[in-house]
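*Asks:* Below you'll find the structure I mean.
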Amino acid sequence: MELNALLAQPVALPSLPRAVALLMSELAQNEPSLRRLNQLFGTDPALAARLLELANSPTFQLPGQIAGIPEALALLGTAQLRTLVTSAPLGTTSRSVPGVNMQQFWRYSLNTAKLARSLAGIVHHNQIAAYTAGLLHALGELVIHLADPEKAQSVNTLVAPFDLRRDKIEQRIFGYSYGQVTAVCARRWQLPEVVIDALQHQHAPFDNKVYEPLAGVIHLAAWRARAREAELNEKELAVSFPGEVGLALGLDIDMVLQQDPIDWTARPDAAADFIV
């Protein structure tokens with residue numbers, strides 16, 4: 001299936017039930033806490049995408065200008081947020097997206113967002129845009145699995161969805177990878193160009209005369225988060241580290257690991273993994 005045909009398929013990106021429940025509880029308060037809303041929206045890629053799509057819609061006359069969850073929340077009223085949250089499809093079963101472990105997907109996406117924000121800080125790039133791009137960067141994987149499950153499963157037999165080689169295998173088989181799918185979605189949602197470019201070039205941020213520093217940040221953050229899911233040891237980390245990307249940003253493997261804001265000793269399904 002070509003990319004345009006894939007994106008023509010209607011898909012409903014599922015949200016983390018716990019995030020939806022906590023958001024509904026917070027939005028039921030007389031004065032919902034913006035800090036708490038920011039935390040909760042920041043744990044769920046699908047909800048964050050819907051929030052940013054609405055904030056960048058013609059309704060607010062700011063298309064392509066709202067890059068982060070805090071800015072989006074400043075635009076929307078409580079009633080609009082309630083409508084957005086209550087209409088969110090829930091990932092309530094293990095088969096919400098065939099072939100994808102959704103608990104792993106949510107954990108991985110959040111870890112990538114945290115790492116991207118941290119790395120962006122040390123290379124002096126926009127941390128809000130980095131967090132957004134990190135949180136959303138793998139939504140294209142869900143789109144692929146939902147729109148073309150048979151073909152996605154054929155790739156799953158070769159490499160797992162969070163394997164470090166996933167993008168290259170998808171590119172070889174499909175002619176595009178999940179990052180490119182996410183970028184096209186982000187363009188349709190009218191997100192800022194800085195976010196779209198980071199998503200578009202996340203797998204090859206400095207190839208073919210491309211120079212996208214924020215894409216490089218996402219690349220390194222995703223590498224670290226995927227390495228965590230694969231439980232790589234020190235030698236495997238060293239061998240797999242994308243040194244050329246790090247070099248272009250002035251980051252070596254030790255700097256990346258030192259900036260790691262995540263408690264890697266926590267249980268994979270621990271509730272702490274879903275707090276920004």
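The values are calculated or read from the model by the stated rules, or taken from the named source; none is laboratory data. These numbers were taken from a predicted model, which means no experiment stands behind them. Every residue, glycine among them, receives a Cβ derived from its backbone with ideal geometry; neighbour counts consider all protein chains shown. Ligands, DNA and RNA are stripped out before the accessible areas are found, and what is left, the full protein with its side chains, is counted by its heavy atoms. Shrake-Rupley method; radii C 1.70, N 1.55, O 1.52, S 1.80 Å.
*Asks:* Condition test on residue 192, is it crowded, with 20+ Cβ neighbours inside 10 Å, under 21 Å from residue 229 (Cα atoms), of a type outside the set (Val, Ile, Thr) and more than 11 Å from the chain's Cα centre (by Cα)? Break it down stepwise before answering.
*Replies:* Details: crowded, with 20+ Cβ neighbours inside 10 Å: yes; under 21 Å from residue 229 (Cα atoms): no; of a type outside the set (Val, Ile, Thr): yes; more than 11 Å from the chain's Cα centre (by Cα): yes.
No: the conditions fail for residue 192.
*Asks:* Mind listing whichever residues of the range 147-158 are among the aliphatic types (A, V, I, L, M) and open to solvent by 10 Å² or more (accessible area, probe 1.4 Å)?
*Replies:* If we filter the range 147-158 for residues that are among the aliphatic types (A, V, I, L, M), which is where we start, we get 147, 152, 155, 158.
Answer for the range 147-158, where residues must be among the aliphatic types (A, V, I, L, M) and open to solvent by 10 Å² or more (accessible area, probe 1.4 Å): 147, 158.
*Asks:* Does residue 112 meet the test of being in contact with a helix residue (DSSP H, G or I) (Cβ under 7 Å, 6 or more places away or on another chain), closer than 30 Å to residue 152 by Cα, β-branched (Val, Ile, Thr) and touching a residue at least 12 places away in the same chain (Cβ under 8 Å)?
*Replies:* Numbers: in contact with a helix residue (DSSP H, G or I) (Cβ under 7 Å, 6 or more places away or on another chain): yes; closer than 30 Å to residue 152 by Cα: yes; β-branched (Val, Ile, Thr): yes; touching a residue at least 12 places away in the same chain (Cβ under 8 Å): yes.
Answer is yes for this residue.
*Asks:* Follow-up. Taking the options 16, 75, 51, name whichever one is without any contact (Cβ under 8 Å) to a residue 60 or more places away in the chain, closer than 22 Å to residue 112 by Cα and touching a helix residue (DSSP H, G or I) at 6+ places or on another chain (Cβ under 6 Å).
*Replies:* Numbers: 16 fails: without any contact (Cβ under 8 Å) to a residue 60 or more places away in the chain; 75 fails: closer than 22 Å to residue 112 by Cα.
Within the list 16, 75, 51, the selection yields 51.
*Asks:* Do any helices (runs of 4 or more DSSP H) lying entirely in the range 76-146 carry at least 3 residues that are open to solvent by less than 10 Å² (accessible area, probe 1.4 Å) and more than 14 Å from residue 161 (Cβ to Cβ), and which ones are they?
*Replies:* Numbers: elements: 78-86, 102-122, 127-136.
Fully inside the range 76-146 and qualifying: 102-122, 127-136.
*Asks:* May I pose another question? For the range 177-188, state whether one or more residues are in contact with an Asp or Glu (Cβ under 7 Å, 6 or more places away or on another chain), hydroxyl-bearing (Ser, Thr, Tyr), surrounded by 18 or more Cβ atoms within 10 Å (Cβ to Cβ) and in contact (Cβ under 8 Å) with a residue 12 or more places away in the chain. Don't jump to the end; show me each part of the working.
*Replies:* As a first pass, look at the range 177-188 and keep what is in contact with an Asp or Glu (Cβ under 7 Å, 6 or more places away or on another chain): 177-179.
When the remaining residues are screened for being hydroxyl-bearing (Ser, Thr, Tyr), the result is 177-178.
If we keep only those that are surrounded by 18 or more Cβ atoms within 10 Å (Cβ to Cβ) too, we end up with 177-178.
Cutting the leftovers down to in contact (Cβ under 8 Å) with a residue 12 or more places away in the chain gives us 177-178.
Yes, there is a match, as at least one residue in the range 177-188 is in contact with an Asp or Glu (Cβ under 7 Å, 6 or more places away or on another chain), hydroxyl-bearing (Ser, Thr, Tyr), surrounded by 18 or more Cβ atoms within 10 Å (Cβ to Cβ) and in contact (Cβ under 8 Å) with a residue 12 or more places away in the chain.
*Asks:* Which of the residues that make up the range 72-91 are under 18 Å from residue 35 (Cα atoms) and under 18 Å from the mean Cα position of the chain (by Cα)?
*Replies:* Selection gives 72 alone.
*Asks:* Checking residue 270 against (1) hydrophobic (A, V, I, L, M, F, W, C); (2) at pLDDT 90 or above; (3) farther than 17 Å from residue 162 by Cβ; (4) surrounded by 11 or more Cβ atoms within 10 Å (Cβ to Cβ): exactly one of these is not met. Which one?
*Replies:* Of everything listed in (1) hydrophobic (A, V, I, L, M, F, W, C); (2) at pLDDT 90 or above; (3) farther than 17 Å from residue 162 by Cβ; (4) surrounded by 11 or more Cβ atoms within 10 Å (Cβ to Cβ), residue 270 misses just condition (2).
*Asks:* Which one of 145, 203, 125 is more than 17 Å from the chain's Cα centre (by Cα) and farther than 22 Å from residue 63 by Cβ? So that I can check it myself, show each step before the final result.
*Replies:* Numbers: 145 fails: more than 17 Å from the chain's Cα centre (by Cα); 203 fails: more than 17 Å from the chain's Cα centre (by Cα).
Checking each option against the conditions leaves just 125.
*Asks:* Are there helices (runs of 4 or more DSSP H) fully within the range 2-66 with at least 1 residues that are among the small types (Gly, Ala, Ser) and closer than 23 Å to residue 176 by Cβ? List them. Lay out the reasoning, then the answer.
*Replies:* Details: elements: 3-7, 17-27, 34-41, 45-55.
The helices (runs of 4 or more DSSP H) meeting that bar are 3-7, 45-55.
*Asks:* Which residue out of 214, 220, 232, 199 is open to solvent by 10 Å² or more (accessible area, probe 1.4 Å), in contact (Cβ under 8 Å) with a residue 12 or more places away in the chain and touching a helix residue (DSSP H, G or I) at 6+ places or on another chain (Cβ under 7 Å)? First the steps, then the outcome.
*Replies:* On the way: 220 fails: open to solvent by 10 Å² or more (accessible area, probe 1.4 Å); 232 fails: in contact (Cβ under 8 Å) with a residue 12 or more places away in the chain; 199 fails: open to solvent by 10 Å² or more (accessible area, probe 1.4 Å).
Checking each option against the conditions leaves just 214.
*Asks:* Looking at residue 41, is it touching a Leu at 6+ places or on another chain (Cβ under 7 Å), surrounded by fewer than 19 Cβ atoms within 10 Å (Cβ to Cβ) and more than 27 Å from residue 149 (Cα to Cα)?
*Replies:* Considered against the rule, which asks whether it is touching a Leu at 6+ places or on another chain (Cβ under 7 Å), surrounded by fewer than 19 Cβ atoms within 10 Å (Cβ to Cβ) and more than 27 Å from residue 149 (Cα to Cα), residue 41 comes out as no.
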